[in-house]
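Engineer: If you scroll down you'll find the structure; I have some questions about it.
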Amino acid sequence: MQTIDLRGVSCPTNFVKAKLALELVDEGETVEFLLDDGEPVKNVPRSLKGEGHKLLGLKEAEGHYVLTIEKVGE
Amino acid sequence: MADKNKTTSLDLNNLKSGGFIKERGKDLFTVRLRVPGGRMSVERLKKIAEVADKYGKGFVHLSVRQSVELININFSDFDAVVAELGEGEQKVASCGARIRVPVACGGCEYNPNGLVDTQKSALEVDEKLFGTATGHHKFKVGFAGCPFDCPKSAINDVGFQGAIWPELNLDECISCGLCAKSCAEGAIVMGPDKKPVFSPDRCTYCGDCVKVCPTEAWKSVKKGYTVRIGGKWGRHPLVGTLFATFLPEEKVVEFIAEVLAWYKEKAEGLGRIRVGDIIIKEGADSLLAHLRINFPDHVVEKTIPPQVIETQIGK
């Protein structure tokens with residue numbers, strides 16, 4: 001599984017980067033995104049859900065969050 | 001004696017609805033065009049640009065309540081301006097003691113935060129109530145699609161704020177914690193069993209939990225407007241206070257009409273006074289009781305009068 005580190009990237013650039021990363025993976029594949037606490041973890045999951053992807057889970061790690069997404073096709 | 005050839009011919013009906021506003025200097029007026037909810041077609045925008053270019057001074061002003069104002073229009077050109085703007089619905093906006101053009105955010109069609117169709121509400125109020133004389137003072141209505149409240153609904157005479165009521169189906173919850181993380185009010189926290197615990201008292205009805213929930217375990221079970229009444233800005237600002245919750249979108253016009261009826265009656269003989277000051281004078285219970293007759297399911301049990309904002313302290 002690919003891990004995309006979006007820590008230190010602010011909104012909405014983190015979402016756009018996540019979107020670009022998801023373009024490169026196949027449908028049904030899962031991707032992990034590392035997100036900062038605060039606005040990023042509040043906004044990015046919701047925006048990716050709005051794009052139609054499947055949110056599989058969210059876990060707190062050391063000082064950040066790990067969001068697991070399954071890519072849903074065009 | 002006046003030269004008859006030099007007198008100006010004008011259709012005074014164009015002036016009656018207001019929206020022609022005297023500028024500094026001789027003969028010049030601002031023509032305020034109404035744009036309910038701030039949305040207009042590109043075609044209309046082009047037409048306005050054309051007319052502004054021909055009769056104005058090369059710029060327009062976007063008013064703080066979303067109208068387009070043509071600047072430096074000579075009063076002798078009024079009829080031509082109105083005729084060239086054409087298209088029946090290109091009506092000028094009002095000023096004076098009337099119900100003004102409603103303002104609104106973009107609403108729920110394309111804004112991810114929007115919970116209700118504020119654009120539809122603004123158009124409906126514009127169509128049914130715009131220009132209604134209040135007999136006392138101006139009367140402003142605003143629509144915000146969610147509790148972010150970009151349009152500052154509570155500083156309108158009647159301000160509407162989109163709201164949803166969330167409900168959790170525990171069976172569908174995967175314990176991801178996104179709802180608790182998303183809730184800005186602390187109304188949702190994760191319990192020891194890794195399931196969300198909801199505190200309704202803290203909820204401001206923003207719907208963030210519903211929007212983020214990956215499995216639709218959180219669902220919206222009620223939708224409508226949170227209504228605050230009695231706000232205004234200007235020299236002596238007031239912030240409107242809560243009078244109704246989850247008012248259905250289709251009851252907005254009727255609700256405003258009832259507030260107006262109470263205002264007209266209670267302000268009788270008091271001259272130029274806004275509804276917020278009347279609520280302070282009469283007490284909030286009087287308006288609550290009046291509104292409860294037609295909206296028993298939506299009017300709150302108790303509230304407080306509009307709140308004074310002291311903007312002169314510190315001088």
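Engineer: Kindly work out what percent of the DSSP beta bridges joining two residues of chain A are antiparallel, to the nearest 5.
Structural biologist: Close to 75 percent.
Engineer: Excluding residues on the same chain fewer than 8 positions from B:Lys195, give the aspartates and glutamates whose Cα lies under 15 Å from its Cα.
Structural biologist: B:Glu167, B:Asp171, B:Glu172, B:Glu216
Engineer: Could I ask something else about it? Can you give the mean number of other chain Cβ atoms that lie within 10 Å of the Cβ atoms in peptide A:45-55?
Structural biologist: Averaged over the peptide's residues, the number is 4.
Engineer: Do any GluC sites (Glu not before Pro) in the stretch B:217-315 lie in a DSSP loop with no more than 12 other beta carbon atoms within 10 Å, and if so, which?
Structural biologist: Of the GluC sites (Glu not before Pro), the ones in loops of the stretch B:217-315 whose Cβ has at most 12 other Cβ atoms within 10 Å are B:Glu268, B:Glu301, B:Glu310.
Engineer: Rank by packing, highest mean first: peptides A:31-43, B:202-214, with packing defined as the count of other Cβ atoms within 10 Å averaged across residues.
Structural biologist: Ranking, from highest mean packing down: B:202-214, A:31-43.
Engineer: Taking the Cα centre of chain B as origin and charging only Cβ (+1 Lys, Arg; -1 Asp, Glu), how large is the dipole, in debye to the nearest 20?
Structural biologist: 1080 debye
Engineer: If each of B:Ile313 and B:Ala80 carries a label point 7 Å out from its Cα toward its Cβ, how far apart are those two points in nm?
Structural biologist: With each label placed 7 Å out from Cα toward Cβ, I get 5.5 nm.
Engineer: Now for a different question. What residue among B:Gly271, B:Gly234, B:Gly58 has the largest mean-square fluctuation in a Gaussian network model of chain B, using Cα springs under 10 Å?
Structural biologist: B:Gly234
Engineer: Taking a Cβ-Cβ separation under 4.7 Å as the criterion for a possible partner, which cysteines of chain B have none?
Structural biologist: B:Cys95, B:Cys105, B:Cys108, B:Cys146, B:Cys150, B:Cys173, B:Cys176, B:Cys183, B:Cys203, B:Cys206, B:Cys213
Engineer: Let me know the charge dipole size of the stretch B:31-140 about its Cα centre in debye, to the nearest 20, where only the beta-carbon of Lys, Arg (+1) and Asp, Glu (-1) is charged.
Structural biologist: Here the stretch B:31-140 has a charge dipole of around 440 debye.
Engineer: Now for a separate question. With n ≥ 4 as the cut-off for DSSP H runs, can you work out [θ] at 222 nm for the protein assembly as shown, using -39500 (n - 2.57) per run divided by the number of residues, rounded to the nearest 500?
Structural biologist: -8000 deg cm²/dmol
Engineer: Only Cα pairs under 8 Å and at least 6 apart count here; give the relative contact order of the stretch B:212-315 as a rounded whole percent.
Structural biologist: 33 percent
Engineer: In addition: Using only the alpha carbons of the stretch B:132-189, what is the convex hull's orientation-averaged projected area in square nanometres?
Structural biologist: The number I arrive at for the stretch B:132-189 is 5.9 nm².
Engineer: Expressed as a fraction of 2.2 N^0.38 Å, the rule-of-thumb size for a compact globular protein of N residues, what is the C-alpha radius of gyration of chain B?
Structural biologist: Its radius of gyration relative to the 2.2 N^0.38 Å reference: 1.18.
Engineer: What is the stretch B:207-260's relative contact order, in percent, from Cα pairs under 8 angstrom and six or more apart in sequence?
Structural biologist: 28 percent
Engineer: Going by a ≥ b ≥ c, the root eigenvalues of the Cα gyration tensor, does the stretch A:2-55 fall in the rounded group (a/c under 1.5), the prolate group (a/b larger than b/c) or the oblate group?
Structural biologist: It is prolate, given that a/c is not under 1.5 and a/b is the larger ratio.
Engineer: At a threshold of 8 angstrom on Cα-Cα distance, excluding pairs fewer than six apart, so keeping six or more, what relative contact order does the stretch B:67-206 reach in percent?
Structural biologist: It rounds to 18 percent for the stretch B:67-206.
Engineer: Residue by residue through A:57-66, how many Cβ atoms from other chains fall within 10 Å of the Cβ on average?
Structural biologist: Per residue, the number of nearby Cβ atoms from other chains is 2 on average.
Engineer: Counting other C-beta atoms within 10 Å, and keeping those with at most 14, which DSSP coil chymotrypsin sites (Phe, Trp or Tyr not before Pro) do you find in the stretch B:61-145?
Structural biologist: Those that pass, being in a loop and sparsely packed, are B:Tyr110.
Engineer: Along the charge dipole of the stretch B:167-309, pointing to its positive end and built from +1/-1 on Cβ of Lys, Arg, Asp and Glu, which listed residue (B:Val308, B:Pro200, B:Ser286) has its Cα farthest out?
Structural biologist: Positive-most Cα among the choices belongs to B:Val308.
Values quoted throughout were computed directly from the atomic coordinates according to the rules given, and no laboratory measurement underlies them. Just so you know, these numbers come straight off a predicted model, no measurement behind them. Neighbour counts run over all protein chains shown; Cβ positions are idealised from the backbone, glycine included.
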